[in-house]
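Notes to accompany the following structure.
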Amino acid sequence: MLLSVFVGSGCQILLMIFTALFFACLGFLSPPNRGALMTSVVVFYVLLSFVSGFFSARLYKSLGGLHWKRLVLMAAFHVPGIIFVIFFLLNLILWAKGSSAAIPFGTLVALLALWFGISTPLTFVGAFLGFKRRAIEFPVRTNQIPREIPDQPFLNKALPCILLGGILPFGSIFIQLFFIFNSLWGHQTYYLFGFLFVAFLIFSITSAETAMLLTYFQLCGEDYNWWWRSFFSSGSSALYLFIYSVHYYFYRLELDNFASVILYYGYTLMFAFVLFILS
C-alpha cells in the first residue's frame, strides 16, 4: 500500500515539476520573483492531485490490494502531510526568531484550504477513476508457490544495489544543484531554467533506466522481491543529495546561529524527501 502511495505521489510531483519548468522556460515565470514561482508550484501540485490518486489506485489494484479506503486516505494525506509538518515546524522557528521570511498564519490557512478543499477531492476522483480501470496485466505468469531465493553475488544484494543505483541519477543533476543551492542560500537569482529543464529530463530518464536495469539483474538472480528495491535503487539519489548538502554547508556557507543551521538542514531534508519520492 505504501509503495502504491509513493508511486502515485511521485507521478504527481513529476508532472508538477515538468509543468512548472515548462512555463518557466517559456518566460511566464520571472526568475527574480520567487513568490510567483513558488505559488505556481503549489497551484500545479494541487491541481495535479488526481494523478496521485489515479496511479496509486491502479497500482494497488494490480498488486491485489483490498483495503482501498485506506489507500485513498493515505494517497490524500500521507506525502502532503509529511511535507506540511516539516514546513510548519520550520516556519515555527522563523516565527520565534521574528523573521520576515516567516509565512503568515493566513497563508498557512489558505494552504490548508487548498489541501482539504481542492487537493483531497481531486485525489478521491483520481482514485475512483483508477479503480475503475482494468488492472495492469503482467507479461509473464507467476508461480503461486514462492521458491527459495539462491545466494546472491555481493553486487546483486540489496544494499550495494541501492547505494550504486543512486549515483547516476544524482550525477545528472549534480551541476545544477550547485546553482540551485547558491540561489536558495547565497541570495543569487537563478536564470538557467532551460538547462534545469534538460537536466530534469535526463534525471527522470536515468532514474527509470537505472531502476529497470537493476530490477532485471535482480530477477535474473531469481530474487523475486523486486518492488521495494526497484523504488529504493533510484530513490537513493536523495541520500547523495543530503550528503552534498552537508559538503555545501561546511565549504560554502557561514551560518551564524543554531536556528539557521536547523532551517538549512530542515529544508534540505524536505527537498531530499521530495527527490526520493520523485525518483
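The values are calculated or read from the model by the stated rules, or taken from the named source; none is laboratory data. The shown structure was predicted, so the numbers you read here are calculated from the model rather than taken from an experiment. Using ideal geometry, Cβ is built from the backbone for each residue, glycine included, and neighbour counts are taken over all protein chains shown. Each accessible area value is taken on the protein alone, full model and side chains, heavy atoms only, with ligands, DNA and RNA left out. Shrake-Rupley method; radii C 1.70, N 1.55, O 1.52, S 1.80 Å.
In the range 98-124, what count of residues is obtained for those that are outside any loop (DSSP other than H, G, I, E, B) and either surrounded by 14 or more Cβ atoms within 10 Å (Cβ to Cβ) or over 22 Å from the mean Cα position of the chain (by Cα) (or both)?
Residues in the range 98-124 being outside any loop (DSSP other than H, G, I, E, B) and either surrounded by 14 or more Cβ atoms within 10 Å (Cβ to Cβ) or over 22 Å from the mean Cα position of the chain (by Cα) (or both): 18 in total.
Quick check, is Ile82 within 18 Å of Val5 (Cα to Cα) and touching a Ser or Thr at 6+ places or on another chain (Cβ under 8 Å)?
Details: within 18 Å of Val5 (Cα to Cα): yes; touching a Ser or Thr at 6+ places or on another chain (Cβ under 8 Å): no.
Here the answer is no, as Ile82 does not meet what is asked.
Please enumerate the residues belonging to the range 252-262 that are over 20 Å from Ala102 (Cβ atoms) and open to solvent by less than 100 Å² (accessible area, probe 1.4 Å).
Matches in the range 252-262: Leu253 only.
Identify, from the list Tyr265, Tyr224, Tyr249, Tyr216, the residue that is within 30 Å of Gly64 (Cβ to Cβ), among the aromatic types (Phe, Trp, Tyr), without any contact (Cβ under 8 Å) to a residue 24 or more places away in the chain and surrounded by fewer than 20 Cβ atoms within 10 Å (Cβ to Cβ).
Every option except Tyr216 fails the conditions.
How many residues, within the range 63-97, are open to solvent by less than 70 Å² (accessible area, probe 1.4 Å), in a helix (DSSP H, G or I) and of a type outside the set (A, V, I, L, M, F, W, C)?
4
Within the range 41-50, can one find any residue that is part of a helix (DSSP H, G or I), closer than 29 Å to Ala24 by Cα and open to solvent by 70 Å² or more (accessible area, probe 1.4 Å)?
Among the residues of the range 41-50, at least one is part of a helix (DSSP H, G or I), closer than 29 Å to Ala24 by Cα and open to solvent by 70 Å² or more (accessible area, probe 1.4 Å), which makes the answer yes.
Does Tyr60 fit the bill of being in a helix (DSSP H, G or I), modelled with pLDDT of 90 or more and open to solvent by less than 70 Å² (accessible area, probe 1.4 Å)?
Considered against the rule, which asks whether it is in a helix (DSSP H, G or I), modelled with pLDDT of 90 or more and open to solvent by less than 70 Å² (accessible area, probe 1.4 Å), Tyr60 comes out as no.
Give the residues of the range 17-34 that are in a helix (DSSP H, G or I) and either more than 21 Å from the chain's Cα centre (by Cα) or modelled with pLDDT of 75 or more (or both), sorted by residue number.
Result: Ile17, Phe18, Thr19, Ala20, Leu21, Phe22, Phe23, Ala24, Cys25.
Select, from Phe178, Phe170, Phe197, the only residue that is buried (at least 20 other Cβ atoms within 10 Å of the Cβ) and part of a helix (DSSP H, G or I).
Answer to the selection: Phe170.
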